[in-house]
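Contents: one structure, followed by commentary.
Since every read-out is calculated from the coordinates, none of them should be taken as a lab result. Quick caveat, the model's predicted, so the values are computed rather than measured. All Cβ positions, even for glycine, are placed from backbone atoms using ideal geometry, and neighbour counts span all protein chains on display.
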Amino acid sequence: MARDAIRLEGLEVSCVVGVNPDERVREQPLVVSVELGLALDRAGRSADLADSYNYARVADEIAALLKFRRYRLLEAAAEELAAMLLSAHPRLEEAQVRLDKPEALRQARSAGVTIARRQADYPRRWETARFGSVEVVLETAEAGLYLLHVAPRKGITPHRHAQMRELEFRVRGELTRCGAPLLGLSPIAWPKGQVHDYMNVGSSVATVFCCDEPRFIPEDEILVEGSDGR
């Protein structure tokens with residue numbers, strides 16, 4: 001890991017995780033520990049949170065993704081969590097993610113996985129969009145992770161999805177969602193068929209994290225009231 005790190009240990013999230021039939025219909029506890037490698041010398045001298053990261057926000061980001069996704073494998077959950085954290089926090093150099101599943105085995109206290117990833121493990125693909133650009137972070141067999149970069153005074157026009165479920169939260173910038181200002185993380189899981197939109201009301205690029213399940217299907221971006229698309 002990097003010389004400096006932020007650690008979050010023993011975060012418990014109730015979520016759907018597992019391949020057995022009974023595990024697909026109930027939540028069970030998952031215990032998350034992360035170590036985020038980055039230079040902390042500036043924060044140590046400035047005593048300014050802006051030079052580090054907010055532990056509570058990181059915990060909320062992790063919980064939002066785990067609760068949304070309904071994972072089958074711990075390996076998939078760890079991979080997506082690492083990709084999400086490294087993309088939403090670009091100053092991070094590395095991320096180590098440990099997931100423990102206390103109810104996995106009767107004969108063991110817990111079972112789990114640990115992975116370590118660097119920024120270079122997630123090469124990005126950029127796509128031009130009417131509202132700005134889409135940064136493709138990771139696409140798997142089950143889902144896609146994206147950063148939606150919305151240009152100043154531009155917006156993601158009203159749309160809905162018939163096939164995809166979608167999790168979104170604010171990464172940075174001055175945004176409204178369906179006309180209401182966004183404060184903090186403001187995570188939301190959009191069910192199929194629900195219309196939603198965003199507007200960047202600020203003077204700099206704003207960013208939204210997006211997880212699509214399954215991964216993004218272009219023809220499932222159903223525009224509403226004659227609006228323009230991505």
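Do we have residue 99 as in a strand (DSSP E or B) and either buried (at least 17 other Cβ atoms within 10 Å of the Cβ) or within 14 Å of the chain's Cα centre (by Cα) (or both) here? Criteria met by residue 99. Of the residues making up the stretch 8-40, those that are among the charged types (D, E, K, R) and surrounded by 11 or more Cβ atoms within 10 Å (Cβ to Cβ) are 12, 23, 24, 27, 35. Considered as a group, the residues in the stretch 25-79 that are aliphatic (A, V, I, L, M) and free of Cβ contacts under 8 Å to residues at least 12 places away in the same chain include one that is nearest to residue 110 (Cα to Cα), and that residue is 25. Within the stretch 90-124, the set of residues being within 21 Å of residue 13 (Cα to Cα) and not hydrophobic (A, V, I, L, M, F, W, C) comprises 96, 98, 100, 101, 102, 103, 106, 109, 110, 112, 114.
Can you list the helices (runs of 4 or more DSSP H) found entirely within the stretch 1-88 that contain at least 1 residues being closer than 22 Å to residue 167 by Cα? Talk me through it step by step, then tell me what you get.
Details: elements: 41-46, 55-69, 74-88.
Answer list for the stretch 1-88: 55-69, 74-88.
What number of residues in the stretch 133-165 are touching a strand residue (DSSP E or B) at 6+ places or on another chain (Cβ under 9 Å), more than 21 Å from residue 225 (Cβ to Cβ) and of a type outside the set (Phe, Trp, Tyr)? Before the answer, list the steps.
Residues of the stretch 133-165 touching a strand residue (DSSP E or B) at 6+ places or on another chain (Cβ under 9 Å): 133-139, 142-162, 164-165.
Then keep just the ones that are more than 21 Å from residue 225 (Cβ to Cβ); that gives 133-139, 142-147, 149, 151-152, 165.
Now drop any that are not of a type outside the set (Phe, Trp, Tyr), which leaves 133-139, 142-145, 147, 149, 151-152, 165.
Final tally of qualifying residues: 16.
Could you list all residues from the stretch 122-138 that are hydrophobic (A, V, I, L, M, F, W, C) and within 24 Å of residue 81 (Cβ to Cβ)? Step through it out loud before you land on a result.
Taking the stretch 122-138 first, the residues hydrophobic (A, V, I, L, M, F, W, C) are 126, 129, 131, 134, 136-138.
Hits for the stretch 122-138 are 126, 134, 136, 137, 138.
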